[in-house]
Amino acid sequence: MEVDTGNKALLLDRDGVINVDKGYVGRVEAFEFLPGIFDLCRIALDAGLLPIIITNQAGIGRGYYSEDDFQTLTEWMLGEFRARRIDIGRVYHCPYHPEAGLSEYRRESFDRKPNPGMILRARDDFGLDLSRSVLVGDKDSDIEAGRAAGVGFNIKLLHEPLTASAPDRLEFGTLQAIRDWLARAFAGPVAR
């Protein structure tokens, strides 16, 4: 199913947004999808946003799992999305950590959030208009990366009931609430 994205993306963090963050998830048996992620991606596609994953993966750098483990898990995860007729544009990951990485993984990286490197690579690879794109993350570093890259809508998933949100921040307690906001914010014909 080809979808015209109009050069907009739904940029998703992985751990804590797509799956339950159990701390350095690197194998299929530890991966548990968060409720609502498939519906969110479907709504995004219907609204003309291409889902793209941007994820720090310091578990590789720390030696908890290998690049091959990560790729195996990623292929399985993408297969689960495809089985639900959701195509993910690409998965960008950063295995580096400036202090905790082992050998070649211990270094600064422009890709490691809160730096915007992965988002900017996605912009260049897909010709994205980031000002019309949406980022969903569950950590401040995700939101900082989105702002640094010029993403128009940076949404923080809080994983808890939300009583009030600051007027200048998009914060929601569930993926379902983000889905509902997205459906309203991008309602109607796909804008070009």
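The values are calculated or read from the model by the stated rules, or taken from the named source; none is laboratory data. Not measured: the values here are computed from a predicted model. Positions of Cβ are generated from backbone atoms using ideal geometry, with glycine treated the same way; all protein chains shown enter the neighbour counts.
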Going residue by residue through the stretch 87-97, is there one that turns out to be over 17 Å from residue 56 (Cβ atoms), surrounded by fewer than 20 Cβ atoms within 10 Å (Cβ to Cβ) and at pLDDT below 95?
no
So for the stretch 147-159 (the condition being in a loop (DSSP other than H, G, I, E, B) and among the small types (Gly, Ala, Ser)), does at least one residue qualify?
yes
Taking the residues in the stretch 72-104 that are among the hydroxyl-bearing types (Ser, Thr, Tyr) and in contact with a Lys or Arg (Cβ under 7 Å, 6 or more places away or on another chain) as candidates, determine which candidate is farthest from residue 48 (Cα to Cα).
96
Which condition breaks for residue 55 when tested against (1) in contact (Cβ under 8 Å) with a residue 24 or more places away in the chain; (2) part of a loop (DSSP other than H, G, I, E, B)?
(2)
Tell me, which residue of the stretch 17-54 that is β-branched (Val, Ile, Thr) and in contact with a helix residue (DSSP H, G or I) (Cβ under 8 Å, 6 or more places away or on another chain) is surrounded by the fewest Cβ atoms within 10 Å (Cβ to Cβ)?
28
If you scan the stretch 1-44, which residues turn out to be among the aliphatic types (A, V, I, L, M), part of a loop (DSSP other than H, G, I, E, B) and either modelled with pLDDT of 95 or more or in contact with a His (Cβ under 6 Å, 6 or more places away or on another chain) (or both)?
17, 18, 20, 25, 34
Residue under evaluation residue 78, criteria (1) over 18 Å from residue 126 (Cβ atoms); (2) among the aliphatic types (A, V, I, L, M); (3) surrounded by fewer than 19 Cβ atoms within 10 Å (Cβ to Cβ), criterion not met
(1)
Could you run through the stretch 105-160 and say how many residues are of a type in the set (Ser, Thr, Tyr) and free of Cβ contacts under 8 Å to residues at least 40 places away in the same chain?
2
Scope the stretch 72-89; condition assigned to a helix (DSSP H, G or I) and either touching a strand residue (DSSP E or B) at 6+ places or on another chain (Cβ under 9 Å) or of a type in the set (Val, Ile, Thr) (or both); matching residues
72, 74, 77, 78, 80, 81
